[in-house]
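Right, one structure below, let's go through it.
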Amino acid sequence: MFKFKIENVNNRINSKLMKRYQVTVDSLIEKINLKVLDGTDMMGWLELVETYDNQEIIQMRAKAQEWKKMNIKNVLVIGIGGSYVGVRAAIDMCCGNFDEITPKLIWVHNMAASYITNLVKKIQNEKFGIIIISKSGTTLEPAVAFRIFRGILQKNVGISKLHKYIVAITDKQKGTLHDFAKNHHITTFSIPNDIGGRFSVLTPVGMFTMILKGLDPLMILKGAKHAIKDTRDNDISENSAFLYACYRHYLFRIKHYQIENFIVYDPALQFVSEMWRQIFGESEGKDGKALFPTVSLFTTDLHSMGQYLQQGTRNFFETTLISVKPKSDLTLKISDNSDKLKYLNNKSLDFVNKKAFEGTLAAHSRIGKVDNFVIEIGAYDEYHFGYLFIWLAMAVTMSGYLLKINPFNQPGVEQYKSNMFKLLGRKD
């Protein structure tokens, strides 16, 4: 179940303007299908879902089973950006933040000295697994981390067994990591050339780790296929991903809003909000354009940002992701009123949390006059993750092209890298 709701949007697009958006959307879809827009050659994530290699799933399952038989308790997932955010979003959503399913995943997503040294102390005497995710193998953060931890692993298991404990997810034919893996007989899974990092979660970039944690790849793909089917309709009134894109453009270009605040009410969805932030921020933040994507975890952030959101500058709108069914729940049993909570007797925590959502939605939209969208999913499971990812990918595709930018490149990222390499003395 998936619903996109606009009932709490105060600034609705009128019928005349909606017809104009429909004409524009029709034209853009035709150009996307003809692949005449910049970036359409990087939409391989659509074809991937429809033609997924079952043999690759079998191989990933076999490697995951091999690691389980080896009784590997900890696995380091080394990756950054799109090689990290999407897969962690899927794991947290489907398994929960307090996941204790073996093996335990340790996310290595930066090179902060204190973080890395503390992790070294923790696993320096263990036989652990490594999933290294890098298309080129030269992205600095994962490259440095991989060198450090494979050195520790080699000391612990020996050079002859090192390959058994490492999986490399990289380019199929070339690159530093590809060559290293080939020379050391390390199991590899490939990243397609027509899929960028932030759109790669349904490739082995995300799928191998998800399979390792017991998620069902076929259910993920089922949800993704359903989303593709639902977003093939050109009609904005029927295609909620394109309707969302049009509203984002309308509120940014015509109403001059600057910020979109993406809200979740469960820490298990926090990295889904981070995935949303990367998908929209990296795809649209070009040419001095686009909404600034920010995220909030409610009700936690209501106690720090609630005052501003209710009565501050009206230069933002909100989108809330909520699940109908919680991953788990707890019913309160309160027999006395010593803490003034007896009114909550026999109510579940999810019920209380939902009322916080409903109360906040009403306060922000009706009193605070903040436009509010709601994305409602049926459950915290593989199907809904697959559906949500494709829905967001389709939304940002249309949203980017409405802004007249290429939503699939990220030229600005290279500028900080160039400066960093110069400061570090790299010469090549």
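The values are calculated or read from the model by the stated rules, or taken from the named source; none is laboratory data. All values reported here derive from a predicted model rather than from experimental measurement. A quick note on method: Cβ atoms are made from the backbone with ideal geometry, for glycine too, and the neighbour counts reach across all protein chains shown. Ligands, DNA and RNA are excluded from the accessible area calculation, which covers all protein heavy atoms including side chains. Shrake-Rupley method; radii C 1.70, N 1.55, O 1.52, S 1.80 Å.
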message: Take the residues in segment 130-145 that are in contact with a Leu (Cβ under 6 Å, 6 or more places away or on another chain) and either farther than 13 Å from H109 by Cβ or modelled with pLDDT under 90 (or both); name whichever of them is least open to solvent (accessible area, probe 1.4 Å).
response: I130
message: Would you confirm whether or not segment 389-412 contains a residue that is within 30 Å of I195 (Cβ to Cβ), of a type in the set (V, I, T) and in a loop (DSSP other than H, G, I, E, B)?
response: yes
task: Could you please find all residues in segment 48-65 being free of Cβ contacts under 8 Å to residues at least 24 places away in the same chain and in a helix (DSSP H, G or I)?
output: N54, Q55, I58, A62, Q65
- line: Residues of segment 174-196 being free of Cβ contacts under 8 Å to residues at least 12 places away in the same chain and either under 18 Å from I279 (Cβ atoms) or part of a loop (DSSP other than H, G, I, E, B) (or both), in sequence order, are K174
query: Residues of segment 11-30 being free of Cβ contacts under 8 Å to residues at least 24 places away in the same chain and in a helix (DSSP H, G or I), which ones?
result: S15, K16, K19, R20, V23, S27, E30
field: Among residues of segment 325-381, those that are free of Cβ contacts under 8 Å to residues at least 12 places away in the same chain, open to solvent by less than 80 Å² (accessible area, probe 1.4 Å) and among the acidic types (D, E), counted
entry: 1
Residue count for segment 238-279, restricted to those that are part of a loop (DSSP other than H, G, I, E, B), open to solvent by 20 Å² or more (accessible area, probe 1.4 Å) and among the aromatic types (F, W, Y): 1
query: Would you call T117 surrounded by fewer than 17 Cβ atoms within 10 Å (Cβ to Cβ) and in a helix (DSSP H, G or I)?
result: yes
- request: Considering only segment 197-211, state which residues are in a helix (DSSP H, G or I) and open to solvent by less than 10 Å² (accessible area, probe 1.4 Å).
  value: F199, P204, V205, G206, M207, F208, T209, M210
